[in-house]
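The values are calculated or read from the model by the stated rules, or taken from the named source; none is laboratory data. Only a predicted model underlies this, so the values are computations on that prediction, with no experimental measurement involved. Quick reminder, even Gly has a Cβ in these numbers, built from the backbone with ideal geometry, and neighbours come from all protein chains shown. These area figures cover heavy atoms from the full protein model, side chains too; ligands, DNA and RNA do not enter into them. Shrake-Rupley method; radii C 1.70, N 1.55, O 1.52, S 1.80 Å.
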Amino acid sequence: MTTASREHPHRASATRRRRARRPSAGPLFVAPFLALFLLLFLAPLGYAAYLSLFQDRLIGGATFVGLANYVTAVQDPLLIQGVVRVAAFFVIQVPVMLLLALLFALALDSGLLRLARVVRLGIFVPYAVPSVVASLMWGYLYGPDYGPFAQLSKALNLPAPPFLSDGWLLGSLANVVTWEFVGYNMILLYAALRAIPQELYEAAAMDGAGAWRIAWSVKLPALRPALLLALVFSVIGSFQLFNEPNLLQRLAPDVIDSAYTANLYAYSLAFTSQQINYAAAVSFLLGVVIVIVSYAVLLTANRGRKS
C-alpha cells in the first residue's frame with residue numbers, strides 16, 4: 001500500500017507531462033478564420049483608421065491632422081440629419097417588424113396552422129431575395145407613373161399614392177425592410193420556441209393554463225434572449241441602411257439626397273466627392289454610434305430583466 005501510494009503521484013505527473021507535450025489540433029482549425037479575419041476585417045479597418053487621421057490638401061498632399069476630421073464630422077449638419085433620420089426609421093420600423101415576426105412565430109409554434117411548412121417558407125422567402133432586387137421590385141410598385149398602385153388609382157380616377165414623397169418615404173423604406181427581414185426574425189424566434197422544454201408546457205397544462213396563458217407566461221419569457229438578439233441585429237441594420245435609399249434615389253431624387261442616411265453620406269463622400277479621409281472618419285463615427293445604441297439596448301434590457 002505504501003509503495004503504491006508513493007508511485008501514484010509519479011505516474012500522475014508523468015501522465016500530465018505527456019498530455020502537455022501532446023500537440024493540439026485546435027490552432028490549426030482556427031488559423032484559417034484568424035487569417036481571413038485579419039486580412040479582410042482588421043487590416044482594412046486599421047487602414048481606414050489611418051486614413052481618417054489625414055487630409056488631402058492641394059498644397060502639401062496628404063497631411064496629418066489628428067482628430068480634425070472627427071471634430072468636423074461631429075459638427076457636420078448633414079451627418080447629424082442622417083443619423084437622426086435613421087434613428088426615426090429604427091423607431092418606426094423595428095417594433096412593427098419584430099411584432100409581426102413574433103406573431104408569425106407563435107402562430108407556427110401553436111400547431112393550429114394548416115400547411116405550416118408552406119407558410120413558414122412563404123414568410124422566409126423574402127429574406128432570400130437580395131436587397132437590391134427587393135428595392136428594385138418595390139421601386140416599381142411605388143412608381144408614380146407606371147406602378148400598379150398608380151395605374152389602379154388612375155383607373156378609379158383617384159390621385160396616385162405619394163409613396164416616394166417627403167412625408168411618405170420613410171414609411172415606404174420601412175415597408176421594404178420589414179418585408180425583407182420579417183422572415184429572418186421569425187425563424188430566429190421560432191427556433192427559440194422549439195427549444196423550450198416540453199416539461200414547461202406540461203406543467204402549465206396541469207395547472208389549468210390555456211393556450212393564451214401558456215403563450216403569455218411560458219413562451220414570451222423564454223423568448224426574451226432571442227428578442228434581444230433580434231433587436232441588436234435590427235439596431236445594426238437600421239443604422240447601416242444603404243441599399244434601399246440608394247436605389248430608390250433614382251425615383252425620388254428631390255427627396256433622397258446623397259446624405260439621406262449616414263451610411264449613404266459616407267459612401268457619397270468616398271466615391272462621389274473623393275473625400276476618402278473624411279469618409280473614413282464619418283464611417284468610424286457611425287460605428288461608434290452603433291456600438292453606443294446597441295450597448296444602451298442591452299443595458300436597458302438587462303435592467304428590465306433584473307427588476
If only one of Ala68, Ala107 is closer than 30 Å to Asn277 by Cα, surrounded by 15 or more Cβ atoms within 10 Å (Cβ to Cβ) and without any contact (Cβ under 8 Å) to a residue 24 or more places away in the chain, which one is it?
-> Ala68
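Could you list, in sequence order, the residues of the range 203-248 that are charged (D, E, K, R), crowded, with 16+ Cβ neighbours inside 10 Å and under 18 Å from Ala191 (Cβ atoms)? Let's see the steps before the verdict.
Going through the range 203-248, the residues charged (D, E, K, R) turn out to be 207, 213, 219, 224, 244.
In the following step, the residues that additionally are crowded, with 16+ Cβ neighbours inside 10 Å were identified as 219, 244.
Lys219, the sole residue that qualifies.
Can you name every residue in the range 42-55 that is of a type outside the set (Ser, Thr, Tyr), assigned to a helix (DSSP H, G or I) and within 19 Å of Val282 (Cβ to Cβ)?
Step one: list which residues in the range 42-55 are of a type outside the set (Ser, Thr, Tyr), which gives 42-46, 48-49, 51, 53-55.
Those left that are additionally assigned to a helix (DSSP H, G or I): 42-46, 48-49, 51.
Once the filter is applied, which keeps residues that are of a type outside the set (Ser, Thr, Tyr), assigned to a helix (DSSP H, G or I) and within 19 Å of Val282 (Cβ to Cβ), the range 42-55 yields Pro44, Leu45, Gly46, Ala48, Ala49, Leu51.
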Unique residue being outside any helix (DSSP H, G or I) and either open to solvent by 50 Å² or more (accessible area, probe 1.4 Å) or touching a Phe, Trp or Tyr at 6+ places or on another chain (Cβ under 8 Å) (or both) when the list is Leu285, Leu200, Leu251 | Leu251
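Looking only at the range 155-197, how many residues end up being more than 30 Å from Pro221 (Cα to Cα) and either part of a helix (DSSP H, G or I) or not aromatic (Phe, Trp, Tyr) (or both)? Lay out the reasoning, then the answer.
Step one: filter the range 155-197 for residues more than 30 Å from Pro221 (Cα to Cα), giving 155-173.
Next, only the ones that are either part of a helix (DSSP H, G or I) or not aromatic (Phe, Trp, Tyr) (or both) stay: 155-162, 164-167, 169-173.
Counting residues in the range 155-197 that are more than 30 Å from Pro221 (Cα to Cα) and either part of a helix (DSSP H, G or I) or not aromatic (Phe, Trp, Tyr) (or both) gives 17.
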Restricting attention to the range 47-65, which residues are open to solvent by 80 Å² or more (accessible area, probe 1.4 Å) and either of a type in the set (Asp, Glu) or at pLDDT below 90 (or both)?
-> Asp56, Arg57, Leu58, Ile59, Phe64
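Say we look at the range 254-276 and pick out the residues that are more than 21 Å from the chain's Cα centre (by Cα) and surrounded by 22 or more Cβ atoms within 10 Å (Cβ to Cβ); which of these is nearest to Ala87 (Cα to Cα)?
We begin by selecting, within the range 254-276, every residue more than 21 Å from the chain's Cα centre (by Cα); these are 254-258, 268-276.
Filter once more, keeping what is surrounded by 22 or more Cβ atoms within 10 Å (Cβ to Cβ): 256, 269.
On the way: Ile256: 16, Leu269: 21 Å.
Restricting to residues being more than 21 Å from the chain's Cα centre (by Cα) and surrounded by 22 or more Cβ atoms within 10 Å (Cβ to Cβ), the top hit is Ile256.
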Considering each residue of the range 288-307, count those that are open to solvent by 60 Å² or more (accessible area, probe 1.4 Å) and either among the hydroxyl-bearing types (Ser, Thr, Tyr) or outside any helix (DSSP H, G or I) (or both), and give that number.
-> 3
Conditions (1) β-branched (Val, Ile, Thr); (2) within 18 Å of Leu170 (Cα to Cα); (3) free of Cβ contacts under 8 Å to residues at least 12 places away in the same chain; number of the one not met by Val118 = (2)
Any chance Met137 is within 25 Å of the chain's Cα centre (by Cα) and open to solvent by less than 50 Å² (accessible area, probe 1.4 Å) = no
Residues Ala73, Ala150, Ala87: which one is under 23 Å from Val182 (Cβ atoms) and not basic (Lys, Arg)?
-> Ala87
